[in-house]
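The values are calculated or read from the model by the stated rules, or taken from the named source; none is laboratory data. Not measured: the values here are computed from a predicted model. Backbone-built Cβ (ideal geometry, glycine too); neighbour counts: all protein chains shown. Side chains included, ligands, DNA and RNA excluded: accessible areas come from the protein's heavy atoms. Shrake-Rupley method; radii C 1.70, N 1.55, O 1.52, S 1.80 Å.
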Amino acid sequence: MAKKLTVLAIGAHADPFDMPYQCGGTLAKLAKTGNKVICVSSCDENREEATKVAKVLGCETRFLDLKEGNIENDMPTVHKIVELIRDVKPDIVITHQPTDYNPDHRKLSQAVLGACLLSRVGEVKTKHKPYMVPCLYYSETSSGVNSHGDVYVDIEDTLAMKLKAIREHKSLSMKQGVEHLGSMEHLAEREEATAKFRGMQVEIEAAEVFERAVNYRVMRAFSALPFPDVPVHNE
């Protein structure tokens, strides 16, 4: 029986809830197969709605106390994420692309990378013991703009769950100054188009793409070429 994983998806905002928005199909797929998936909003905002979004995907929620528009890649922020990582002990961490369009997303991505590196360092003291994160991945950006990745996940079976979760953002139509948030239906349609485009790239119906954070730590050496342990869809 395969080991059940703990997945920690750390995003900047809760409106929309960034990780369900950017990689909700994959998070739902992981949760659906019995893995523990925790979605984090670094900004403590709109908790009730964000919790509903995560619940649709079968995910838990956590919140940090950062402020929208004021996220920094500084040591206090890094140490907060270190504490979170050591508490949760994730097998996989997912966060924003370092090239994301949003400055909060970019700064958080850098801070998460730093936290993954420092969470295993004993000299960094927190309430929990040091822990080494095995894998760090960057998620898709909004509409795939300036996004990179070579790991495609088939989300045909969970795309509808992702779109349903996006539509739980009932209050976002009231948000001022952010044109693309004026209609949740428009946001859902855009994410559906992105998923189908990513699927077309690998000849399946729908996909989400991720980039491995190869600068996270020293690359591993194998005794031979590693053999994939998950099925390839387009053989």
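Annotation note: Cβ proximity below 9 Å between a residue of segment 31-56 that is closer than 16 Å to Asp91 by Cβ and a residue that is among the polar types (S, T, N, Q) and open to solvent by 20 Å² or more (accessible area, probe 1.4 Å) (sequence gap 6+ or interchain) occurs for Asn35/Thr6; Lys36/Thr6; Val37/Thr6; Ile38/Thr6; Ile38/Thr61; Cys39/Thr61; Val40/Thr61. The condition of being modelled with pLDDT of 95 or more and open to solvent by less than 10 Å² (accessible area, probe 1.4 Å) holds for only one of Ala195, Ala188, Ala160, that being Ala195. Scanning segment 172-184 for any residue that is modelled with pLDDT under 95, over 14 Å from Ala213 (Cβ atoms), under 19 Å from the mean Cα position of the chain (by Cα) and open to solvent by 20 Å² or more (accessible area, probe 1.4 Å) turns up nothing.
I'm checking my understanding of the structure. Among residues of segment 115-130 that are farther than 12 Å from Val93 by Cβ and under 22 Å from the mean Cα position of the chain (by Cα), which one is surrounded by the fewest Cβ atoms within 10 Å (Cβ to Cβ)?
Ranking the qualifying residues of segment 115-130, first place goes to Arg120.
So, Glu83, is that one assigned to a helix (DSSP H, G or I) and either within 14 Å of Val7 (Cα to Cα) or open to solvent by less than 40 Å² (accessible area, probe 1.4 Å) (or both) or not?
No; evaluated as a whole, the condition is false for this residue.
Identify all residues within segment 46-73 that are more than 27 Å from Ala160 (Cβ to Cβ), open to solvent by less than 60 Å² (accessible area, probe 1.4 Å) and outside any strand (DSSP E or B); write none if there are none. Once the filter is applied, which keeps residues that are more than 27 Å from Ala160 (Cβ to Cβ), open to solvent by less than 60 Å² (accessible area, probe 1.4 Å) and outside any strand (DSSP E or B), segment 46-73 yields only Ile71. Answer yes or no: is there a residue in segment 94-103 that is of a type in the set (D, E, K, R), open to solvent by 40 Å² or more (accessible area, probe 1.4 Å) and touching a residue at least 24 places away in the same chain (Cβ under 8 Å). Scanning segment 94-103 turns up no residue that is of a type in the set (D, E, K, R), open to solvent by 40 Å² or more (accessible area, probe 1.4 Å) and touching a residue at least 24 places away in the same chain (Cβ under 8 Å).
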